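Participant: Below you will find the structure I want to go over with you.
Please treat every number below as a calculation from the coordinates, not as lab data. Just so we're clear, the structure is a prediction, and the values are computed from it rather than from any experiment. With ideal geometry, Cβ positions are generated from the backbone for all residues, glycine too; neighbour counts draw on all protein chains shown.
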Amino acid sequence: MGGQELSWLIAGVGCSAAMLLVIWILMSAYRGWVRGRVDGDILSAVALKSLVLVLLFFWLFLS
């Protein structure tokens, strides 16, 4: 396995981990919103921060 293949493997694993993290964050926030423990404003802030987080990780791993 060469250096290029290894870097693509690391990028793929990192992006997959970032996606799983964001999915877990959004599911937790949604469950809190459904149960009435989280306001709609907080839910929208969490969604926006999660989007920024995944974009940051994709930029980090794919650059």
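Participant: Using θ = phi - 60° and the Karplus curve 6.51 cos²θ - 1.76 cosθ + 1.60, what whole-Hz ³J(HN,Hα) does each residue of the range 38-49 get, with Gly and Pro shown as x?
Facilitator: Along the range 38-49, the couplings run 10, 6, x, 5, 5, 4, 5, 5, 5, 5, 5, 5 Hz.
Participant: If I fit a long axis through the Cα atoms of helix 3-34 and take the longest principal axis of the Cα atoms of the chain, what angle between them do I get, 0 to 90°, rounded to 10?
Facilitator: 10
Participant: Looking at the chain, what % of the alpha carbon pairs are farther apart than 16 Å? Walk me through the intermediate numbers first.
Facilitator: Working: 1013 of 1953 pairs.
Considering the chain, 52 percent of its Cα-Cα pairs are separated by more than 16 Å.
Participant: Also: In whole Å, how far is the Cα centre of the range 1-20 from that of the range 31-58?
Facilitator: Between the Cα centres of the range 1-20 and the range 31-58 lies a distance of 26 Å.
Participant: Moving to a separate point now. I need the calculated FRET efficiency for the pair SER28 and SER63, taking r as the beta carbon distance and R₀ as 35 Å, to the nearest 0.05.
Facilitator: On the way: r = 29 Å, r/R0 = 0.82.
In this case the efficiency is close to 0.75.
Participant: Between ASP41 and LEU21, with labels modelled 7 Å along Cα→Cβ, what's the label distance in nm to one decimal, could you check?
Facilitator: Roughly 2.8 nm, to one decimal.
Participant: Over the range 3-62, what is the relative contact order in percent, taking alpha-carbon pairs closer than 8 angstrom and at least six residues apart? Can you show the working numbers first?
Facilitator: Working: 30 pairs, mean separation 29.5, N = 60.
With pairs under 8 Å counted, the relative contact order is 49 percent.
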